[in-house]
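Presented below is the structure to which this report refers.
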Amino acid sequence: MASTQLKDIAAALGLGRRSSGGTFYGELDGFPAQVSLVQKGNYKHLAAVLRFNAEGRAEDVSRALNEAPEMAAAGLKRKLVASDADSATITIPPRVFLGLPAVDVVTGRVRAVLEALKRAVPDNRKVCRECGAAGAEPALLRGKVDRVCGACAERLEQEAVEVRKAYAARPVNLPLGLVASLVAGAAGAVVYGGAMIATNKMYWVLAILTGVMVGWAAVKGAGKAGVVVQAMAGMVTLASVLAGLVVFIGWIVNQRVEAAGNHVDWTLFVRRTPQLLWDSGTDTLFSLAGGLLGAFYAIRKAAPPSFAVVEKAPEAGLQS
């Protein structure tokens, strides 16, 4: 639903290029512009970026945004617009249960910021960001819309190829990657289990945190990301979250056994762990689901980096 609305917003703004990642971009009244969906928490926000090329205009832009009457008229709060030396970024959060605002509302807010930029940067230059050559077309430069000439695009792409080759040639240390991921996974298990002991509740966010930690540690230990490292990180994360549940079960068992005046045979406890997890029923299913969610984030964290620097899409990018 949100992606369809994003396409309609891009069409209304005349942004006719679409990147492989789903970002729509182009030119809006002489300013390179893009719109995309950004995940924040459980919801997707719309982020619109307007770029300009002029020296020393950060303060002018900030002042113009503070004073822009169009923004207030469009219902756009100043805190949702960030600016720096070469861009202004508008964040439009979704409405509760209703998704993003209507297309005309979103485009009205983007154009309100555009009008402020026009006043602050009347000498916006249509030149290549890299070399200053005139006539450069909009493109995505390091994931952000800008103007890049053909010569610079070719040079940057060749540099990216060389970096990709160098990364691929780096050795991978799987044993060290496994050790690092196990250490991070053990820490995640302690946090997940400790939170359950402290609150008697389960939190998927801790499973996600475990996945991020394990994915990061696996790449750091192995020396580089890759499919094998991703698989390793995913499996360790899943095992770590379930181990956290075992920690919680062990705490409950120990409480009950000591209350009866006895001591837990931990060797027997470890041997019976599979049966204890089975008997835990919904708790195990909840942790398993959380572990799979954490594994997804671990796999994503351990994915090979993107070496693309410049991406140019044809004008017909709005078509499915």
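The values are calculated or read from the model by the stated rules, or taken from the named source; none is laboratory data. These numbers were taken from a predicted model, which means no experiment stands behind them. As a convention, Cβ positions derive from the backbone with ideal geometry for all residues, glycine included, and neighbour counts pool all protein chains shown. Accessible surface areas use protein heavy atoms only, side chains included; no ligands, DNA or RNA. Shrake-Rupley method; radii C 1.70, N 1.55, O 1.52, S 1.80 Å.
Assorted remarks:
- A Gaussian network model of the chain, with springs between Cα atoms under 10 Å, assigns the largest mean-square fluctuation among LYS79, LYS126, LYS165 to LYS79.
- Sparse packing (at most 13 other Cβ atoms within 10 Å of the Cβ) combined with a DSSP loop state is found for the following chymotrypsin sites (Phe, Trp or Tyr not before Pro) in segment 39-128: PHE97.
- Solvent-accessible surface (1.4 Å probe) assigned to TRP204 amounts to roughly 100 Å².
- Counting Lys and Arg as +1 and Asp and Glu as -1 over every other residue whose Cβ lies under 13 Å from the Cβ of LEU114, the net charge comes to +1.
- Cut-off 12 Å between beta-carbons: net charge of the residues surrounding ASP86, Lys and Arg +1, Asp and Glu -1: +3
- For segment 31-75: rounded, prolate or oblate by the Cα gyration tensor [a/c cutoff 1.5]: oblate
- Residues with amide H under 5 Å from that of GLY16, placed H, sequence gap 5 or more: GLU27
- Phi-based couplings in Hz for segment 7-24 (Karplus 6.51, -1.76, 1.60; Gly and Pro marked x): 4, 5, 5, 4, 5, 5, 8, x, 8, x, 10, 10, 7, 5, x, x, 8, 9
- Measuring with a 1.4 angstrom probe and ignoring ligands and nucleic acids, PHE248 comes out at about 20 Å² accessible.
- Overall form of segment 169-247: prolate. Here a/c, set by the Cα gyration tensor axes a ≥ b ≥ c, is 1.5 or more, and a/b is the larger of a/b and b/c.
- Modelled label positions at ALA12 and ARG155, each set 7 Å beyond Cα in the direction of Cβ, lie 4.0 nm from each other.
- Using a probe radius of 1.4 angstrom, the carbon and sulfur fraction of the accessible surface of the chain is 61%.
- Integer Hz, Karplus 6.51/-1.76/1.60 couplings in order for segment 84-93, x for Gly and Pro: 9, 6, 9, 7, 10, 10, 9, 9, 10, x
- If the chain linking LEU98 and TRP204 were pulled fully straight, counting 0.36 nm for each residue of separation and taking away their Cα-Cα distance, it would gain 35.7 nm.
- Charged neighbours of ALA33, selected by a Cβ distance under 14 Å, balance to +3 (K, R count +1; D, E count -1).
- Largest-first principal axis extents, alpha carbons of segment 221-307, Å: 62, 26, 17
- Using θ = phi - 60° and Karplus 6.51 cos²θ - 1.76 cosθ + 1.60, couplings along segment 38-55 (whole Hz; Gly, Pro as x): 10, 6, 10, x, 8, 10, 9, 9, 8, 10, 10, 10, 10, 10, 9, 10, 7, 7
- Per residue accessible area in Å² of segment 180-277, where ligands, DNA and RNA are left out and the probe is 1.4 Å: 51 Å²
- GNM top mover of GLN34, GLN230, GLN275 - the chain, alpha-carbon springs below 10 Å: GLN275
- Tensor-based shape of segment 2-124 (alpha-carbon gyration tensor, a/c under 1.5 rounded, otherwise prolate or oblate): prolate
- Rounded to the nearest 20 debye, dipole of the chain from Cβ charges on Lys, Arg, Asp, Glu: 260 debye
- Among (i) 27, 54, 19, 0; (ii) 26, 46, 24, 4; (iii) 25, 42, 26, 6, 0, the entry that matches P(r) over Cα pairs in 20 Å bins from 0, in percent as calculated here: (iii)
- If the chain linking ALA73 and ALA166 were pulled fully straight, counting 0.36 nm for each residue of separation and taking away their Cα-Cα distance, it would gain 28.3 nm.
- Estimated at 0.36 nm per residue, the fully extended path between ASN262 and PHE296 surpasses their Cα-Cα distance by 8.1 nm.
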